[in-house]
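Data first, discussion second: the structure below is written as structure tokens.
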Amino acid sequence: MHRSSSTIVSVDPLSTLLSGIRAEGSVVCHAVLEAPWTIRFVDGAPLTMVSVLRGGGVLLLPDGSRQPVGVGDTAIVRSSDPFHLVDHPDTPDGPHVEYEIACFTGDAECTAEDLGGIRWGNESDGATALIVGAYRASGHRHERLLRALPPVLVVNEDTEVCAWLETAAADAAQRTAGSQALMDRLLDWALVCTLRTWFEQAGSEAPAWYRGLADPILAPALEAFNARPSRSWTVEALATEAGVSRALFAKHFTKVMGRPPLTYLTECRMDEAEGLLSDTDSSIAQIAKSVGYADAFGFSAAFKRHRGVSPSAFRAHN
């Protein structure tokens with residue numbers, strides 16, 4: 001495994017979790033498909049995003065569930081197992097045109113010629129127009145994000161966004177210089193926007209770290225912790241950042257986040273330590289200091305207490 005030395009970057013949790021996941025070899029697919037049809041997604045990517053610009057269908061997920069998607073819907077599928085998009089899940093048996101999308105091919109780019117007969121174009125009659133992004137993961141930080149997501153989530157975009165995306169897709173489909181990189185970065189942006197919208201709509205179902213940053217009392221304290229995670233934070237110090245009493249802060253924090261302040265901070269530190277142990281060559285002592293422990297001994301004891309193995313054993317198996 002390739003490792004590099006690293007320290008924690010002072011950014012918000014969502015940015016940190018997304019730092020290790022990127023679109024690569026995205027598909028720009030203006031597909032003209034005659035029913036009945038099936039598109040099979042076989043990348044094994046931890047996240048796949050499907051934006052429906054025209055037409056629609058039904059996602060058939062690995063767990064057997066179904067998710068309809070129509071014009072303006074962006075679906076994010078959290079699964080490394082193959083899944084399908086079909087025109088209609090209950091189409092009678094008979095001739096069935098099947099297509100396969102796999103962006104992470106060994107040598108070839110994910111181009112029109114590689115899509116098993118899908119025709120690209122701007123036809124509007126009977127067309128299903130999709131933008132598909134498969135996201136590679138580097139390292140382990142994205143795993144905390146994946147744990148916060150359902151198997152599939154759907155966010156609806158307005159028609160202006162769809163029109164803009166389709167214009168960008170049409171440009172990328174021309175395969176001019178830089179078009180693939182442009183589309184990949186566009187999909188990185190779209191992933192962030194879609195996740196932010198879904199978290200905002202999820203309410204109490206959103207992960208604690210997102211709910212906390214949306215809370216006017218907790219946000220200043222959490223931002224201070226995210227900016228300086230190596231500091232030996234106390235409840236009193238966090239309450240000072242929030243501008244409230246220690247008792248009020250502790251009570252409100254537990255109500256919003258579902259756990260006491262120091263318990264949450266320890267969980268964050270252990271999550272960050274896992275990423276540093278897996279993805280860098282930093283020493284145990286360096287990692288201990290980065291996540292707010294005075295020495296390697298105290299950090300190792302806390303890590304083993306919370307994760308069940310020592311930092312060295314965790315690193316050896318990741």
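Quick check: is even one residue across the range 47-57 open to solvent by 40 Å² or more (accessible area, probe 1.4 Å), modelled with pLDDT of 85 or more and of a type in the set (Val, Ile, Thr)? The answer is no, given that none of the residues of the range 47-57 is open to solvent by 40 Å² or more (accessible area, probe 1.4 Å), modelled with pLDDT of 85 or more and of a type in the set (Val, Ile, Thr). Residues of the range 289-318 that are open to solvent by 40 Å² or more (accessible area, probe 1.4 Å), in contact with a helix residue (DSSP H, G or I) (Cβ under 8 Å, 6 or more places away or on another chain), in contact (Cβ under 8 Å) with a residue 40 or more places away in the chain and part of a helix (DSSP H, G or I): His306 alone. Inspect the range 133-147 for any residue being at pLDDT 80 or above and open to solvent by 60 Å² or more (accessible area, probe 1.4 Å) and give the result as yes or no. Yes, the range 133-147 contains a residue that is at pLDDT 80 or above and open to solvent by 60 Å² or more (accessible area, probe 1.4 Å).
Determine whether Trp233 is touching a Pro at 6+ places or on another chain (Cβ under 9 Å), modelled with pLDDT of 90 or more and surrounded by 13 or more Cβ atoms within 10 Å (Cβ to Cβ).
So Trp233 passes the test.
Filtering the range 211-230 to residues that are open to solvent by 60 Å² or more (accessible area, probe 1.4 Å), outside any helix (DSSP H, G or I) and not basic (Lys, Arg) leaves Ala214, Pro216, Ser230. For the range 272-288, filtering for residues that are part of a helix (DSSP H, G or I) and either within 24 Å of the chain's Cα centre (by Cα) or surrounded by fewer than 17 Cβ atoms within 10 Å (Cβ to Cβ) (or both) leaves 10. Checking the range 243-253 against the condition returns no match, with no residue being more than 26 Å from Phe299 (Cβ to Cβ), touching a residue at least 40 places away in the same chain (Cβ under 8 Å) and open to solvent by 40 Å² or more (accessible area, probe 1.4 Å). Only one entry of Pro68, Pro95, Pro89, Pro62 meets the criterion of being open to solvent by 20 Å² or more (accessible area, probe 1.4 Å) and either at pLDDT below 70 or assigned to a helix (DSSP H, G or I) (or both), and that entry is Pro95. Any residue at all in the range 174-186 that's under 23 Å from Glu100 (Cβ atoms), at pLDDT below 80 and assigned to a strand (DSSP E or B)? No, the range 174-186 contains no residue that is under 23 Å from Glu100 (Cβ atoms), at pLDDT below 80 and assigned to a strand (DSSP E or B).
The values are calculated or read from the model by the stated rules, or taken from the named source; none is laboratory data. Quick caveat, the model's predicted, so the values are computed rather than measured. All Cβ positions, glycine included, derive from the backbone under ideal geometry; neighbour counts span all protein chains shown. With ligands, DNA and RNA removed, areas are computed over all heavy atoms of the protein, side chains included. Shrake-Rupley method; radii C 1.70, N 1.55, O 1.52, S 1.80 Å.
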